[in-house]
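As structure tokens, the structure follows; a few thoughts come after it.
Derivation of every value follows stated rules applied to the coordinates shown; laboratory data play no part. Since the structure is predicted, the reported quantities are computational estimates derived from the model, not experimental observations. Virtual Cβ from ideal backbone geometry, glycine too; neighbours counted across all protein chains shown.
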Amino acid sequence: MEDLLYEIRQCTICSKHLALGPRPVVSAHPDSKIVIIGQAPGTKVHNSGVPWDDASGKQLRKWLGVTSEQFYNEQNFAIVPMGFCYPGKGKSGDLPPRPECAPQWHEQLITQMPKLELVILIGMYAQKYYLQKQAKKTLTETVANYQEYLPKYFVLPHPSPRNRFWLTKNPWFEDEIVPILKEKIVEIIP
């Protein structure tokens, strides 16, 4: 695992496409019990090198019901984004994650985590990649039907402050699904 993580952190496969250059952000351990697969680091995470070190991460930890110490304990959570580097700015937010990362690295990482009990898929990119044809037409439909993907996957919207409108429009998510997510996390990380 250490050799693989070193190799990932040295990766430059898509460096010519990255506005800020390569800085792969990944966190994993052979004993990781949960893997979080999100989109790609934003500029704050690119600068700090710490995954989910931003407002989105704070919201995600709240949804999971965990402390920062629990979250950053690699034996609890592996953090493996769809794109390991900041992809650059788009018209309405960051660009999509680079498509090279997941096929190049994900399977290698996941096979080295034999104690994995849950994969949390955050956002449309992770859900479409992992669920493929099982993903619904929209993120909202996929999240509303989260139980179809259990026990292996738990699907979530992105916890970005930009998603305030989605959360306001879909109060059932925080009212009904977040408590179930927290229960699942407590079962795995007492």
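Applying the Karplus relation 6.51 cos²θ - 1.76 cosθ + 1.60 with θ = phi - 60° to region 44-51 yields 3J(HN,Hα) values of 4, 5, 4, 5, 7, x, 9, x Hz, where x marks Gly and Pro. Taking other C-beta atoms within 10 Å as the exposure proxy, Trp166, Trp105, Trp172 rank Trp172, Trp166, Trp105 from fewest upward.
Applying a threshold of 22 Å to the alpha-carbon distances of Lys58/Lys91; Lys16/Lys136; Lys16/Lys91; Lys89/Lys137; Lys33/Lys182; Lys33/Lys58 flags Lys58/Lys91; Lys16/Lys136; Lys89/Lys137 as lying beyond it. A full extension of the chain between Thr140 and Ala55 corresponds to an added length of 28.5 nm, given 0.36 nm per residue minus the alpha carbon distance.
Here the scattering of region 1-73 is modelled by Debye summation over its C-alpha atoms, one equal scatterer each and no solvent; at q = 0.22, 0.25 Å⁻¹ the log10 of I(q)/I(0) is -1.12, -1.30. Residue by residue, region 148-157 carries 3J(HN,Hα) couplings of 5, 9, 6, x, 6, 10, 10, 9, 9, x Hz when phi is fed to the Karplus relation 6.51 cos²θ - 1.76 cosθ + 1.60 (θ = phi - 60°); x denotes Gly or Pro. Calculated translational diffusion coefficient of the chain (25 °C, 0.890 mPa s; Stokes-Einstein with Kirkwood radius over alpha-carbon pairs) equals 147 µm²/s.
Neighbour counts of other C-beta atoms within 10 Å: give me Cys85, Cys101, Cys14 arranged from fewest to most.
Listed from fewest to most nearby Cβ atoms, that is Cys14, Cys101, Cys85.
Any aspartates and glutamates with Cα under 18 Å of the Lys115 Cα? List them, leaving off those in the same chain fewer than 8 positions away. The qualifying aspartates and glutamates are Glu2, Asp31, Glu74, Glu107, Glu187.
For region 53-59, backbone phi angles converted through the Karplus equation (6.51, -1.76, 1.60; θ = phi - 60°) give residue-by-residue couplings of 8, 7, 4, 4, x, 4, 5 Hz, Gly and Pro being listed as x.
The mean sequence separation of alpha-carbon pairs under 8 Å and at least six residues apart, normalised by the residue count of the chain, gives a relative contact order of 26 percent.
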